[in-house]
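Each remark here refers to the structure printed beneath this line.
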Amino acid sequence: MSNPFLDRIKIVLCRPEGGRNVGSICRTMENMGLSRLAIVGDISELNLKEVKGMAIHAGHIFDTAEFCTSLPEALNHTIMAAGITRRRGNRRKSFSYLPEELAEKASMTGEGTIALVFGNEQNGLNGSELAACTTACHIPSSPINPSLNLAQAVQVLAYVFYRQSEEKVGRFIPVELDAVDRLTGTIIDTLEGIGYFDKPDRFDTRAYFRDILSRATLSPREARHMEKVFRKIAYLKKRLPI
């Protein structure tokens, strides 16, 4: 039975190595009403017999999965991309949702694809993969052994999103990431034009605005209005130099 909220959720696996894990994830997704799977990277080393063996009756999820060469390709046409990671640091996200918080936030967005992005079994998400995501999510666990198995991590998120699917969702359609990137570019160009950058932090500031604008889940009208504001600032700067 189709569920409008769960139909919007895409599980994205970056560089998975174990066929058993991938198969278990397919079964988990079927258990929790999820059907959209994307796999990033070379899958030639995956043991397909192990995948199908662990998937049981959910092998069709693997058969219909998207196979992508890069994470940006897998995130195309999404409105939110949450990297599931327990690690924090200067070059990683400054903000991280709990699974329940992320599911609630997702339920408020109304329509559009939301990606839950998982790293591989050995190292999780690397820096560039997490940077491609718009926010982060962490699963609280014991400091004695905090790293969850990949399939277990997917199970936790899938369960939380399944429970959230029973809640009422919003109705507006938020902008997709390409519109967020375009708005971010306008903001950065405007700030540069008025002399805001006194040191080479343009990249960090771009990532900052991209992340918070994505979390805000702007409507198309809101995004257009904000872009208009910054274009007006740039126009006034040319007429009345600051």
Inside the range 179-221, the number of residues satisfying the requirement of being without any contact (Cβ under 8 Å) to a residue 24 or more places away in the chain and among the acidic types (Asp, Glu) is 4
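Pick out the one residue from His57, His77 that is within 14 Å of the chain's Cα centre (by Cα) and not hydrophobic (A, V, I, L, M, F, W, C).
On the way: His57 fails: within 14 Å of the chain's Cα centre (by Cα).
Unique residue meeting the criteria: His77.
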Across (1) under 13 Å from the mean Cα position of the chain (by Cα); (2) farther than 18 Å from Cys68 by Cα; (3) not basic (Lys, Arg), Ala131 clears everything bar (2)
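Tell me which residues, restricted to the range 24-54, are touching a Lys or Arg at 6+ places or on another chain (Cβ under 7 Å) and either under 24 Å from Leu75 (Cβ atoms) or not assigned by TED's automatic domain parsing to the domain that holds Phe118 (or both).
If we filter the range 24-54 for residues that are touching a Lys or Arg at 6+ places or on another chain (Cβ under 7 Å), which is where we start, we get 36, 38, 40-41, 50, 54.
Within the range 24-54, Arg36, Ala38, Val40, Gly41 qualify.
Within the range 227-242, how many residues are out of contact with any helix residue (DSSP H, G or I) (no Cβ under 6 Å at 6 or more places or on another chain) and in a helix (DSSP H, G or I)? Reasoning before the result, please.
As a first pass, look at the range 227-242 and keep what is out of contact with any helix residue (DSSP H, G or I) (no Cβ under 6 Å at 6 or more places or on another chain): 228-229, 231-232, 235-236, 238-242.
From the residues that got through so far, the ones that are in a helix (DSSP H, G or I) too are 228-229, 231-232, 235-236, 238-239.
Residues that pass the stated criteria total 8.
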For the range 1-50 the number of residues that are among the polar types (S, T, N, Q) and part of a helix (DSSP H, G or I) is 4
Picked from the range 195-240 (must be acidic (Asp, Glu) and farther than 22 Å from Ile114 by Cα), the residue surrounded by the most Cβ atoms within 10 Å (Cβ to Cβ) is Glu227
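For Ala151, state whether it is of a type in the set (A, V, I, L, M, F, W, C) and within 17 Å of Ala81 (Cβ to Cβ). Quick ask: steps written out before the conclusion?
Values: of a type in the set (A, V, I, L, M, F, W, C): yes; within 17 Å of Ala81 (Cβ to Cβ): no.
Considered against the rule, which asks whether it is of a type in the set (A, V, I, L, M, F, W, C) and within 17 Å of Ala81 (Cβ to Cβ), Ala151 comes out as no.
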Checked pairs for the range 122-139, first within 10 Å of Ile84 (Cα to Cα) and not assigned by TED's automatic domain parsing to the domain that holds Arg210, second of a type in the set (Phe, Trp, Tyr) and surrounded by fewer than 22 Cβ atoms within 10 Å (Cβ to Cβ), C-beta under 8 Å and 6 or more apart or across chains, list as Thr135/Phe95; Thr135/Tyr97; Ala136/Phe95; Ala136/Tyr97; Cys137/Tyr97; His138/Tyr97
The condition from (1) free of Cβ contacts under 8 Å to residues at least 12 places away in the same chain; (2) closer than 21 Å to Asn120 by Cβ that Glu45 misses is numbered (1)
Reported set for the range 216-232 where residues are at pLDDT below 90 and touching a Ser or Thr at 6+ places or on another chain (Cβ under 8 Å) is Thr217
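From the list Ser147, Ser214, which one is out of contact with any Cys (no Cβ under 8 Å at 6 or more places or on another chain) and in the same structural domain as Arg15 (by TED's automatic domain parsing)?
Values: Ser214 fails: in the same structural domain as Arg15 (by TED's automatic domain parsing).
Being out of contact with any Cys (no Cβ under 8 Å at 6 or more places or on another chain) and in the same structural domain as Arg15 (by TED's automatic domain parsing) holds for just one of Ser147, Ser214, which is Ser147.
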For the range 97-118, pairs from a residue that is assigned to a strand (DSSP E or B) to a residue that is of a type in the set (Ser, Thr, Tyr), with Cβ under 8 Å and 6 or more apart or across chains, are Tyr97/Thr135; Thr113/Thr78; Ile114/Thr78; Ala115/Thr78
Filtering the range 20-38 for residues that are of a type outside the set (S, T, N, Q) and farther than 19 Å from Leu148 by Cβ leaves a count of 4
(request) Confirm whether Ile173 is surrounded by fewer than 16 Cβ atoms within 10 Å (Cβ to Cβ), of a type in the set (Val, Ile, Thr), touching a Gly at 6+ places or on another chain (Cβ under 9 Å) and at pLDDT below 90. (result) yes
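The values are calculated or read from the model by the stated rules, or taken from the named source; none is laboratory data. Since the structure is predicted, the reported quantities are computational estimates derived from the model, not experimental observations. Neighbour counts run over all protein chains shown; Cβ positions are idealised from the backbone, glycine included.
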